[in-house]
Amino acid sequence: MAGSQIERALSLLESLTADPGGMPMQTLADQLQIPKSATHRMLAELIRLGYVRQDPQSSRYQLSTKLVALGFRYLANSGADVVQPVLDRLAEETGELVRLGVIDGERLTWIAKSQGARGGLRYDPDMGRDAPLSSTASGHAWLASMSDAEALARVAQQAPVDPAELGPNAPRSEAALLERLHLAREHGYAWVVESSAVGMAAMAAIVRHPRNHHAIGVLSIAGPSARLGEARMHQLAPRLLEASEELSQASQASELFS
């Protein structure tokens, strides 16, 4: 791409930050003062790359959360952002692994963490991988923010996990999964025990955009089920919800959410 084309593409992305509800192509073309055909080509390329999406009902163009994911990953690695202190505090208070996943289109990816366990049993999986939606607390928390039909469709789009890799309490049917989602909606958070893995437990809550309240991420606490039993998770729930709200409000300090 020529320099002017790069500038136009960046200007287009900046224009889209002004309206979370999306913008018509003609409006973007007028703002950028370029032909509609050139605007269409840029939007098509940005959609292909995952930075923009088009609403199928309104035909308006919107930013995806890919920029959010990239920004969170950079900030988390730098250790100097508004997110990491919240994770560190929650990990210190609970003594367990705390993770933040960001929602990027059809994916929920773990991108930041803080390990509260200083010894004994520890659960510390690799960052940067997608959360299996049907068996993890993070997946259940996100799915619970949708309708049942949307949740089942989202699970169907994800590559299935080998049942042999799951825990004994993993939902094995749509009905079992929906039961977990209904509980998550009732309580405001999701929890699983020996679902995604044998001997492990986790709980999770949605992080929402501070203005439009759309789900932008998931905050979770995970650890060995021998230590993080169901009763203890319910005791920790108020702190998890407080931290997820804190992340929501703190996101206003980042231009990623502007």
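The values are calculated or read from the model by the stated rules, or taken from the named source; none is laboratory data. Computed from a prediction, not measured in an experiment: that's the story for all the values here. Cβ: placed from backbone, ideal geometry, glycine included. Neighbour counts: every protein chain shown. For accessibility, only protein heavy atoms count, side chains too; no ligands or nucleic acids. Shrake-Rupley method; radii C 1.70, N 1.55, O 1.52, S 1.80 Å.
Looking only at the range 132-155, how many residues end up being assigned to a helix (DSSP H, G or I) and under 18 Å from the mean Cα position of the chain (by Cα)? Give the derivation first.
Step one: filter the range 132-155 for residues assigned to a helix (DSSP H, G or I), giving 137-144, 148-155.
Within this subset, residues satisfying the condition of being under 18 Å from the mean Cα position of the chain (by Cα) are 137-144, 150-155.
The total comes to 14.
Among the residues of the range 76-88, are any open to solvent by 60 Å² or more (accessible area, probe 1.4 Å), hydrophobic (A, V, I, L, M, F, W, C), modelled with pLDDT of 85 or more and under 19 Å from the mean Cα position of the chain (by Cα)?
For the range 76-88, residues open to solvent by 60 Å² or more (accessible area, probe 1.4 Å), hydrophobic (A, V, I, L, M, F, W, C), modelled with pLDDT of 85 or more and under 19 Å from the mean Cα position of the chain (by Cα): absent.
If we keep just the residues of the range 50-65 that are assigned to a loop (DSSP other than H, G, I, E, B) and open to solvent by less than 80 Å² (accessible area, probe 1.4 Å), which is nearest to LEU12 (Cα to Cα)?
Quick first cut of the range 50-65, residues assigned to a loop (DSSP other than H, G, I, E, B) only: 50-51, 55-60, 64-65.
From what's left, open to solvent by less than 80 Å² (accessible area, probe 1.4 Å): 50-51, 55, 58-59, 64-65.
Working: GLY50: 14, TYR51: 11, ASP55: 17, SER58: 19, SER59: 16, SER64: 13, THR65: 15 Å.
The selected residue is TYR51.
Of all residues in the range 9-49 being touching a strand residue (DSSP E or B) at 6+ places or on another chain (Cβ under 6 Å) and part of a helix (DSSP H, G or I), which is nearest to GLY105 (Cα to Cα)?
Among those that are touching a strand residue (DSSP E or B) at 6+ places or on another chain (Cβ under 6 Å) and part of a helix (DSSP H, G or I), it is LEU46.
Within the range 197-223, restricting attention to residues that are closer than 18 Å to ALA170 by Cβ, buried (at least 17 other Cβ atoms within 10 Å of the Cβ) and not hydrophobic (A, V, I, L, M, F, W, C), which residue is modelled with the lowest pLDDT?
So, considering only residues that are closer than 18 Å to ALA170 by Cβ, buried (at least 17 other Cβ atoms within 10 Å of the Cβ) and not hydrophobic (A, V, I, L, M, F, W, C), the one modelled with the lowest pLDDT is GLY223.
So which pairs qualify, if the first residue must be in the range 185-196 and in contact (Cβ under 8 Å) with a residue 24 or more places away in the chain, the second must be charged (D, E, K, R) and open to solvent by 20 Å² or more (accessible area, probe 1.4 Å), the Cβ gap must be under 9 Å, and the two must be at least 6 apart or on different chains?
ALA190/ARG180; TRP191/ARG180; TRP191/GLU230; VAL192/ARG180; VAL193/GLU230; SER195/ARG180; SER196/GLU165
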